[in-house]
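**Student:** After the structure tokens below, expect a handful of questions from me.
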Amino acid sequence: MNDTPSYTLPRVWTWEQPSGGQFANINRPVAGATFEAALPIGKHPLQLYSQGTPNGVKVTLLLEELLAAGHAGAEYDAWLVNIFKGEQFGTGFVAINPNSKIPALVDHSTPTPTRIFESGAMLLYLADKFGAFLPATLRTEALNWLFWQMGSAPFLGGGFGHFYAYAPTKIEYPINRYAMETKRQLDVLDRRLAKSRYLAGDEYTIADMASWPWYGWLVLGRLYEAAEFLDVTSYTHVLRWAQEIDARPAAKRGRMVNRTWGTPSEQLHERHDASDFELRTQDKLIPAAPAA
């Protein structure tokens, strides 16, 4: 049993001290910018400001898939916004995304630049813009699963991920609560993927691109180091689906963009041209900290 003392609720909650944990230095109960910082603009119409977390990879995966499918207009510049350093609170970023979360996208090909600031909205915007990965015959089913992911993943990330991996103290109740919900969601996916190759049917769509960086990475052992804890190998259909997408060249490229951890061969901190993947050099990486 958990012997953590019960929490007595105050009549009115106030923010009196940092919440603790890995993200305590950037968490606060108010919105808005905290410092002045203009965003760079590259040579392509599509300008992405992001980091290689699951939400960021949704968009770079789609952009790389669009380019692989021959949509030259999907060329993009991807600028690193380091959320661990609070760079999402600069004035330029907040002007695009008032919610101060990555990713944020600006399309400069429209008469007035168009901002898009939710990952699901970006997937839908780009799929409609290029007429790809959202076939008319599967549109409603794909949107069902896209919106399912947008509503469900916060329980995996902000719920299970936070209390299992990032909270300063391991507390039984929230870990059990969110582990149960995460496994329920994996079961939802597993039952669906037992019946179809991809989430919307026989075709690969933005629904798969939204879910793969979260649930695919989880069953592939890349998220929160929780694969054994959650017994993910029991979700055989999710694992089959995750491995199939993982083998796609565009997925391999997409998961590298704006990534700042792992081995250098897995990272491309900024992406401005397709050749960047082949011409990676140490000067494109953030210098490593000197050895202690």
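Only the coordinates and a few stated rules stand behind these numbers; no lab work does. Fair warning: this is a prediction, and the values are worked out from it, not measured in the lab. Neighbour counts run over all protein chains shown; Cβ positions are idealised from the backbone, glycine included.
**Student:** Using Cβ contacts closer than 10 Å as the measure, can you line up Thr110, Thr14, Thr91 from fewest to most?
**Tutor:** Result, fewest neighbours first: Thr14, Thr110, Thr91.
**Student:** Continuing with this model, one more query. Could you list the residues of region 217-257 with an amide nitrogen less than 11 Å from a label point located 7 Å from the Cα of Ala165 in the Cα-to-C-beta direction?
**Tutor:** It comes to 217-219, 221-227, nothing else.
**Student:** How much length would be gained if the chain were fully extended between Phe35 and Arg11, taking 0.36 nm per residue of separation minus their Cα-Cα distance, in nm to one decimal?
**Tutor:** 5.3 nm
**Student:** Right, here's the next one. Only residues of region 170-202 count here: report those whose backbone N is under 16 Å from the spot 7 Å along Cα→Cβ of Thr137, or say none.
**Tutor:** 196-202
**Student:** Quick one: net charge of Arg248's neighbours, Cβ under 11 Å, K/R +1, D/E -1?
**Tutor:** -2
**Student:** To continue, here is another question. Just in region 207-272: which GluC sites (Glu not before Pro) are loop by DSSP and have at most 10 other Cβ atoms within 10 Å?
**Tutor:** Counting only loop positions with at most 10 other Cβ atoms within 10 Å, the GluC sites (Glu not before Pro) in region 207-272 are Glu225, Glu228.
**Student:** What trypsin sites (Lys or Arg not before Pro) does region 110-198 have in DSSP loop regions with at most 10 other beta carbons within 10 Å?
**Tutor:** Lys195
**Student:** Counting Lys +1, Arg +1, Asp -1, Glu -1, what net charge surrounds Tyr215 among other residues with beta carbon under 15 Å of its beta carbon?
**Tutor:** +1
**Student:** Same structure again: Quick check on the exposure proxy: order Val106, Val238, Val188 from fewest to most C-beta atoms within 10 angstrom.
**Tutor:** Arranged by neighbour count, lowest to highest, Val106, Val238, Val188 become Val188, Val106, Val238.
**Student:** Hey, another quick one. If each DSSP helix of 4+ residues adds -39,500 (n - 2.57) and the sum is divided by the residues in the chain, what number results at 222 nm, nearest 500 deg cm²/dmol?
**Tutor:** So the calculated ellipticity at 222 nm is -10000 deg cm²/dmol.
**Student:** If r is the Cβ-Cβ distance from Arg197 to Ser234 and R0 is 25 Å, what FRET efficiency results, to the nearest 0.05?
**Tutor:** Efficiency computed from Cβ-Cβ geometry: 0.80.
**Student:** Now for a separate question. I need the shape label for region 55-189. Rule: rounded when a/c is under 1.5, else prolate if a/b > b/c, else oblate, with a, b, c from the alpha carbon gyration tensor.
**Tutor:** oblate
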